[in-house]
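Okay, so here's the structure we're looking at.
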Amino acid sequence: MSTAIPLSAQLINLFASVILLLSFAMLAQRRILPLINLFALQGLTLALSTLVVAFTTNQTHLYWSAGLTLLLKAMLLPWILHRLVRQLWAKWDVESLINVPTTMLVGIVLVIISFNVALPISELSSTVSRGTLGIALATVLLAFLMMITRTKAIPQVVGFLAMENGLFLAATSATYGMPMVVELGIALDVLVGAIILGVFFFQIRDQFDSLDIRHMERLKER
Amino acid sequence: MNVDFFILMLAIPLVSGALLIFAGERDWAPHLNIIASAGTFLASVLLTMEIIDHGARFALGEQFFIDSMNVFFVTLTTFVGLTTSIFFGPYMRNEEAHGRLTKPRLRLYKSMFQLFMFTMLIALTTNNLGLLWVAMEAATLTTVLLVSLYRTSASQEAAWKYFILCGVGIAQALFGTILLYFAAERVLGETGNALLWTHLVDVKGQLNPTIMAISFIFLLVGYGTKVGLAPLHNWLPDAHAEGPTPVSAVLSGLLLNVALYAILRCKVLADGAIPTGFAGNLMMGFGLLTLVVAAFFLARQKDVKRMFAYSSIEHMGLITFAFGMGGATANFAGLLHMTMHSLTKSAIFFAVGHAAQKCGTQIMEDIRGLIKINPVIGWGLMLGTLAILGMPPFGVFASEFMILTHAIKYFPWATPFLLIALGVAFAAIFGKVQPMVFDEAHAKPLPHAPAITPVFLHLGIVLMIGLYMPPYLVRWFQEAAKMMG
């Protein structure tokens, strides 16, 4: 076991673990504004990790996707969310429902599961970043968990966007990113989705006087 | 060939979608909507004739690919799009007269409807499985604001659920697509062709079976959410019941088909890579579960649109099961059933929309005696219901019969589930629709005469196919069924 891991791979692994750590931090964060900041930080780390992969492998299109990630996920989307929070006066929304220790434990189980699922796949991969596929899947599942446990609209959306972060990490770690057309399309979908949700938030607030989705429990099978 | 009908077919909805935003509330805006849909339909028919004559072809480099399988979905989509926009005019004028909708929202509706058609046509014709995902997500985005068009608390709840559940589902599908790309890249290399379906089909035998199996699970669960497969079907009845009726008609008649089409494309690849029939078994399992769950929920419904939404889930389960069985006969039956379900279900939604408008409610107990208030709507609903329940001589009978006999022959263990589910569904729906049509009446006439042509147009086609299938249609279905293996 004396084969030294190259510096680039070490850096990529470091960034990936920071992303995983931020996922857990987001899971535990109850206040909305710090949550958005954590999301921005995750986007930034994602962009940095993509940049390192791009630099190591000399893939020009990865520079583009790193730039796109930085612009979209570390700057534009957090800015839109900040504006929404300010305009909707949702700044002091603190959630009290979630049981943080239990959520954390469930999160750890999810991480173990995703490492097991990803193991056979990463063994077949030849990319420098193959070790991070498990982390990518874990990020997706943790974001999923966050969406389930949250009761306010904006944290659910942050969870939704964090899930996209995990998917992006999966794409870069397994295959050095999807073809450019697809990545542009995905970025467009995410952006349009965020804008539509912004419009939608105002409608919900006008209707319910709150962004608490516990008010939305009328439609179910009785 | 000077005019590329394919480009025309994509350009019309895109341009008219943009135009309709700016057209505002001018008088010609509804006409533009119908004209655009008619133009799209015409272009797709011409495209179909071209494909029948000259065989499959690419468009815009290799990014788009039209063959006998998807051209059939394209025609169906544009046809239902056209009839829906014809239906839309009188329906929305009535809604406006009732004060449920305002002009700006109608403008939003028309524009979004055209863009929705655009995204679905992209999803159907693209050769790139990544673009397919992008278009599917875009189709959700264009319809979210349509589901919440009435801005009632229930419709917003439905739209929120629709957005979040489909968003989560479609994220799984993206992960599946990434894994598929990963498997393909090892065979095809980093050429950018590794997501093109035509390239993938050529090498499907060499794709790594383990990765393909994991990938197909994610793809099936992801796109399956949009098809309405249990257990992620919860968004569907809400979105159908709370959105405006034309939206319910296109969601049920078209969006579910397009999502299922995405699964079918992926299944061809998974079947090539995994020799054990894993993909088919998985689809049979999900299909059967969906069918049974939906059938039992049907019996408890009080809202008429909600009930027919569950009926859509039930039929999607049946179709998924049929494609899961695989083979020429089952695929043929699945395709036929998809067509019949699209036409019948949108016809039912058209009739139900007018019926609900007439009685001012969607609660079935309060809708009574349609046959006396408006015999045409009453008969439309009755015949549509009989058709969707699989009564001969309608086309649904033919396809359900084929699915059942195929299941009895090759998968006898599934037969009791199929029969029980279909029986329960029949009892539930017929028992509820019968008094709605034939009971004593109490309702006022509508300010605007309803558009009944689309209902009977759809039912007429379903009846015709039940009695006589034109040979070119049979050949078309057979060719598509063969492609699916």
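The values are calculated or read from the model by the stated rules, or taken from the named source; none is laboratory data. All values derive from a computational prediction rather than experimental measurement. A quick note on method: Cβ atoms are made from the backbone with ideal geometry, for glycine too, and the neighbour counts reach across all protein chains shown. Ligands, DNA and RNA are excluded from the accessible area calculation, which covers all protein heavy atoms including side chains. Shrake-Rupley method; radii C 1.70, N 1.55, O 1.52, S 1.80 Å.
With respect to B:Thr126, determine if the residue is more than 29 Å from A:Ile135 (Cβ to Cβ), more than 9 Å from every other protein chain (Cβ to nearest Cβ), touching a residue at least 40 places away in the same chain (Cβ under 8 Å) and touching a helix residue (DSSP H, G or I) at 6+ places or on another chain (Cβ under 6 Å).
Answer is yes for this residue.
Just to verify a result, which residue in the range A:39-55, among those that are closer than 17 Å to A:Leu7 by Cβ and of a type in the set (A, V, I, L, M, F, W, C), is farthest from the chain's Cα centre (by Cα)? Please lay out each step first, then the result.
Going through the range A:39-55, the residues closer than 17 Å to A:Leu7 by Cβ turn out to be A:48-55.
Still in the running and of a type in the set (A, V, I, L, M, F, W, C): A:48, A:51-55.
Working: A:Leu48: 15, A:Leu51: 17, A:Val52: 19, A:Val53: 19, A:Ala54: 20, A:Phe55: 23 Å.
Taking the candidates together, the pick is A:Phe55.
If you check B:Asn208, B:Asn193, which single one turns out to be facing chain A (nearest Cβ under 10 Å) and over 22 Å from A:Glu123 (Cβ atoms)?
Working: B:Asn208 fails: over 22 Å from A:Glu123 (Cβ atoms).
Every option except B:Asn193 fails the conditions.
If I filter the range B:33-53 down to residues being open to solvent by 20 Å² or more (accessible area, probe 1.4 Å) and free of Cβ contacts under 8 Å to residues at least 24 places away in the same chain, which single residue comes out as farthest from B:Thr102 (Cα to Cα)?
Checking each candidate, the answer is B:Asp53.
Could you please let me know if A:Ser49 is more than 22 Å from A:Leu105 (Cα to Cα) and touching a helix residue (DSSP H, G or I) at 6+ places or on another chain (Cβ under 7 Å)? Let's see the steps before the verdict.
On the way: more than 22 Å from A:Leu105 (Cα to Cα): yes; touching a helix residue (DSSP H, G or I) at 6+ places or on another chain (Cβ under 7 Å): yes.
In short, yes.
Show the residue pairs that are 6+ apart or on different chains and have beta-carbon atoms under 6 Å apart, the first residue being within the range A:10-39 and farther than 17 Å from A:Val52 by Cβ, the second being among the hydroxyl-bearing types (Ser, Thr, Tyr) and open to solvent by less than 10 Å² (accessible area, probe 1.4 Å).
A:Ser23/A:Thr139
Is it true that B:Gly317 is small (Gly, Ala, Ser), modelled with pLDDT of 95 or more, at negative phi and buried (at least 24 other Cβ atoms within 10 Å of the Cβ)? Give the steps one after another, and end with the answer.
Numbers: small (Gly, Ala, Ser): yes; modelled with pLDDT of 95 or more: yes; at negative phi: yes; buried (at least 24 other Cβ atoms within 10 Å of the Cβ): yes.
It is true that B:Gly317 is small (Gly, Ala, Ser), modelled with pLDDT of 95 or more, at negative phi and buried (at least 24 other Cβ atoms within 10 Å of the Cβ).
Taking the criterion of being part of a loop (DSSP other than H, G, I, E, B) and either touching a residue at least 24 places away in the same chain (Cβ under 8 Å) or within 21 Å of B:Glu157 (Cβ to Cβ) (or both), would at least one residue in the range B:302-323 satisfy it?
To start, the set of residues in the range B:302-323 that are part of a loop (DSSP other than H, G, I, E, B) comprises B:302.
Now restrict to residues that are either touching a residue at least 24 places away in the same chain (Cβ under 8 Å) or within 21 Å of B:Glu157 (Cβ to Cβ) (or both): B:302.
Yes, the conditions are met somewhere in the range B:302-323.
Of all residues being open to solvent by 50 Å² or more (accessible area, probe 1.4 Å) and touching a residue at least 12 places away in the same chain (Cβ under 8 Å) in the range B:188-220, which is nearest to B:Asn257 (Cα to Cα)? Just the residue, please. Steps first, please.
Looking only at the range B:188-220, we keep the residues that are open to solvent by 50 Å² or more (accessible area, probe 1.4 Å), and these are B:190-191, B:202, B:204-206, B:209-210, B:217.
Okay, now just the ones that are also touching a residue at least 12 places away in the same chain (Cβ under 8 Å), so B:204-206, B:209, B:217.
Details: B:Lys204: 24, B:Gly205: 27, B:Gln206: 29, B:Pro209: 27, B:Ile217: 19 Å.
Here the answer is B:Ile217.
Would you say B:Gly380 is without any contact (Cβ under 8 Å) to a residue 60 or more places away in the chain and either in contact with a strand residue (DSSP E or B) (Cβ under 9 Å, 6 or more places away or on another chain) or of a type in the set (Gly, Ala, Ser) (or both)? Before you say what the answer is, go through the steps one by one.
Values: without any contact (Cβ under 8 Å) to a residue 60 or more places away in the chain: no; either in contact with a strand residue (DSSP E or B) (Cβ under 9 Å, 6 or more places away or on another chain) or of a type in the set (Gly, Ala, Ser) (or both): yes.
No; evaluated as a whole, the condition is false for this residue.
Could you check how many residues of the range B:147-190 are at the interface with chain A (Cβ under 7 Å from one of its Cβ atoms) and polar (S, T, N, Q)?
Selection size over the range B:147-190: 3.
Give the number of residues within the range B:363-392 that are open to solvent by less than 20 Å² (accessible area, probe 1.4 Å) and not hydrophobic (A, V, I, L, M, F, W, C). Quick ask: steps written out before the conclusion?
Residues of the range B:363-392 open to solvent by less than 20 Å² (accessible area, probe 1.4 Å): B:364, B:367, B:369-370, B:377-378, B:380-382, B:384-385, B:387-388, B:390.
Cutting the leftovers down to not hydrophobic (A, V, I, L, M, F, W, C) gives us B:369, B:378, B:380, B:384-385, B:390.
Total meeting the criteria: 6.
Can you say whether B:Gly360 is open to solvent by 10 Å² or more (accessible area, probe 1.4 Å) and at positive phi, as far as the supplied structure shows? I'd like the intermediate steps shown before the answer.
Working: open to solvent by 10 Å² or more (accessible area, probe 1.4 Å): yes; at positive phi: yes.
Yes, satisfied.
Which numbered condition in (1) part of a helix (DSSP H, G or I); (2) surrounded by fewer than 17 Cβ atoms within 10 Å (Cβ to Cβ) is the only one that B:Thr83 fails?
So the condition that B:Thr83 fails would be (2).
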